[in-house]
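Notes to accompany the following structure.
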């Protein structure tokens, strides 16, 4: 049994490495703007791969494992849309050229895979050793969901983002982009480029959202392999999903509220199951609620914004950027390349 588990982990991670190598080394060897059609096909491919993997779990490990994976994957995929909201805000603020966005997202996703792997094992170990941590994680999810509801319509003050201010104090930064480089040398001195600042803000965002999403999926399953694979499939599809949805994300005006409610519901499930038993709120119910909230919010958003004029390109969308305070309502943001 232990040997089978080791082979499952090795085989899955090898599969992920092959996908990443194909993505970077074959499909996107040259820096270019990713077309929406290509992004949609790639996003569909990652979804199909996840569903095939779920089918394999149903066949090999049984219905419970399959349902846990599907529920965890849907939750993580839904929460990854929140990442897209934030990435749109960051890229808009820094006016990142379209041909450089893929490079930032690729390295950002590699960092996210490492961070989530560490957090998954830490979270599972905490729950296994201290069962009452389920209440702590559940309360944290509820608090996070409530906070996201409160700031859903706020315009972030990225100028005063704590990560950005720290980087600008510690690093020499060029005034403009230097191709796709994160660092350049000038007169022997090393300079960071605005693209590196963008990458660090994306990585910090991934870390913050990982802290939110790991407890959310632990509420569904305690199996590290299911938690890890559901996270990886959601993250692998994030880059393609960004290029597919970036242009229409502003139309999803109710989706941010649905994502906040999902965190609250999952946090409540975690606490209720701790006090009343693991099956008090079944995983199937969490899957149904998540699907209804996501599907319903997208449908209502598209109906509500049907025929609406596109937003002003220079305007920064509303939403929460980790580390950024909300701007006063009277201020307008200005996109900056540094």
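The values are calculated or read from the model by the stated rules, or taken from the named source; none is laboratory data. Computed from a predicted structure; not experimentally measured. Positions of Cβ are backbone-derived with ideal geometry, glycine not excepted, and every protein chain shown enters the neighbour counts.
Being over 29 Å from residue 220 (Cβ atoms), surrounded by 15 or more Cβ atoms within 10 Å (Cβ to Cβ) and under 18 Å from the mean Cα position of the chain (by Cα) is a description that does not apply to residue 85. Residues in the range 10-46 that are out of contact with any helix residue (DSSP H, G or I) (no Cβ under 7 Å at 6 or more places or on another chain), more than 19 Å from residue 237 (Cβ to Cβ) and either at pLDDT below 70 or surrounded by 11 or more Cβ atoms within 10 Å (Cβ to Cβ) (or both): 29, 30.
The helices (runs of 4 or more DSSP H) found entirely in the range 156-266 that carry 2 or more residues being farther than 30 Å from residue 74 by Cα are 162-170, 194-218. Among the conditions (1) at pLDDT 85 or above; (2) crowded, with 22+ Cβ neighbours inside 10 Å, residue 200 misses just one, which is (2).
Can you spot a residue in the range 141-155 that is buried (at least 16 other Cβ atoms within 10 Å of the Cβ), touching a helix residue (DSSP H, G or I) at 6+ places or on another chain (Cβ under 8 Å) and over 30 Å from residue 51 (Cα atoms)?
At the first step, the residues of the range 141-155 found to be buried (at least 16 other Cβ atoms within 10 Å of the Cβ) are 141-142, 144-145, 148-149, 151-152, 154-155.
Going one step further and asking which of them are touching a helix residue (DSSP H, G or I) at 6+ places or on another chain (Cβ under 8 Å), we end up with 141-142, 144-145, 148-149, 152.
Now restrict to residues that are over 30 Å from residue 51 (Cα atoms): 149, 152.
For the range 141-155, residues buried (at least 16 other Cβ atoms within 10 Å of the Cβ), touching a helix residue (DSSP H, G or I) at 6+ places or on another chain (Cβ under 8 Å) and over 30 Å from residue 51 (Cα atoms): present.
Mind telling me which of the residues 284, 278 ends up being within 28 Å of residue 56 (Cβ to Cβ) and modelled with pLDDT under 80? It would help to see each step written out before you state the result.
On the way: 284 fails: modelled with pLDDT under 80.
One residue alone meets the criteria, 278.
Among the conditions (1) surrounded by fewer than 18 Cβ atoms within 10 Å (Cβ to Cβ); (2) closer than 21 Å to residue 145 by Cα; (3) at pLDDT 85 or above, the only one that residue 269 does not satisfy is (1). Scan the range 184-192 and tell me whether some residue there is buried (at least 21 other Cβ atoms within 10 Å of the Cβ) and more than 23 Å from residue 135 (Cβ to Cβ). Yes, some residue in the range 184-192 is buried (at least 21 other Cβ atoms within 10 Å of the Cβ) and more than 23 Å from residue 135 (Cβ to Cβ).
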